[in-house]
1. Charges only on Cβ, +1 for Lys and Arg, -1 for Asp and Glu: so what's the dipole of region 116-269 about the Cα centre, in debye to the nearest 20?
2. Take the Cα gyration tensor of region 117-259, multiply each eigenvalue by 5, square-root it, and list the three semi-axes largest first, rounded to whole angstrom.
3. Determine by what factor the alpha-carbon radius of gyration of region 103-162 differs from 2.2 N^0.38 Å, reporting the quotient.
4. If I fit a long axis through the Cα atoms of helix 61-80 and take the longest principal axis of the Cα atoms of the chain, what angle between them do I get, 0 to 90°, rounded to 10?
5. From the residues Tyr277, Leu298, Gly103, which one has its Cα farthest along the dipole of the chain in the positive direction, the dipole being from +1 and -1 charges on Cβ of Lys/Arg and Asp/Glu about the Cα centre?
6. Lys/Arg Cβ at +1, Asp/Glu Cβ at -1, dipole of the chain taken about the Cα centre: which of Gly72, Ile14, Gln175 is farthest positive-ward?
7. Out of every Cα-Cα pair in region 1-115, what percent are more than 22 Å apart?
8. Magnitude of the Cβ-charge dipole of the chain, K/R +1 and D/E -1, about the Cα centre, nearest 20 debye?
Amino acid sequence: MTWAMIVGILSSGIRLATPYLYASVGETIGQLSGVLNLGVDGVMLMGAYVAFFVALRTGNLSLGLIAAAGIGAVFGLIMAFISVTLKAEQGISGIGLYLFGLGLSTFLFGITIKNVQTINGFPDLPIPGLSRIPVIGEMFFQHNILVYVAFALVPIAWFILNKTPFGLKVRAVGQNPEAADSLGVSVSHVRYMTVTLGGVLSGVAGASLSIALLNTFQQNLTNGMGFIAVALVYFGGWRPVLVFAGALLFSTVNALQIWLQVAGINVPSDVALMLPYIVTILVLAAMAKRRVNAPAALNKRFERGES
């Protein structure tokens, strides 16, 4: 393996981490408030479809991105209504949301776009000066705007969750909703906000695929990426920085398997495709041995007045 190949793999890994970062950071915020959303993949699919459709019809990538965020918010509100207001079982509700997003995106694709097309997505924006640094510049500072925003999202999320009153409310609601409620914090309001925000970020995650990374849309474009994003939340122990590390690890291994096939290295293609998922399973198994404190109220209904 040459040095140029190593740099290429790392650079691709950073770029491919983008959808995982948006989706997993959004899911982290939602789970910290006590709501498990397994419908992330379906929201990503709808975000990817809407972003691509709008960009294809209007030629405006920004409108496509806004539309993806909007449909993500709608799906987030649906999940919040089902899990918070109706108090349905969160895991089953999330799977239903995923299947709805998968089916609806497939149906809409079939009646509107009909066949696989491509567009010119968000272009790379090399950062002046920094992009010319040997090796480092190519790996970190020659990407499109959605990549930069995804990486900036990690410290922003950390700061909001750990250094702001809103973050304190989110963590309080996720740990002890009864105590938070007794102090005047609206558990339902906080959970609606976090799940909706998670939906927005999942929609943007889908858009980052269809109008920034792949520049196309097809049926089941995400191929289960939303479920990996949920797994990354557990990998990171509900901490944005560790979630970021997990996303980067998975995407780098994914980039490695792509480069192995492109380089013609004698590795069976099926084995190469399995590599990222094998790594995910091994890492999650290893993480299970260490003590990880999940939000105490995660996946639990809250009834006001219960002790």
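1. Details: 6 positive and 4 negative charges, 50 e Å.
Computed about the Cα centre, the dipole is about 240 debye.
2. Numbers: eigenvalues 214, 69, 44 Å².
Output for region 117-259: semi-axes of 33, 19, 15 Å.
3. Working: Rg = 17.8 Å, N = 60, 2.2 N^0.38 = 10.4 Å.
For region 103-162, the normalised Cα radius of gyration comes out at 1.70.
4. Computed tilt is about 30 degrees.
5. Leu298
6. Result: Gln175.
7. Values: 2858 of 6555 pairs.
Tail of P(r) above 22 Å: 44 percent of Cα pairs.
8. Working: 16 positive and 10 negative charges, 80 e Å.
With only Lys, Arg, Asp and Glu charged at Cβ, the dipole is about 380 debye.
Each value in this text was obtained by applying a stated rule to the coordinates, not by laboratory testing. Just so you know, these numbers come straight off a predicted model, no measurement behind them. Note that each Cβ is placed from the backbone with ideal geometry, even for glycine, and that neighbours are counted across all protein chains shown.
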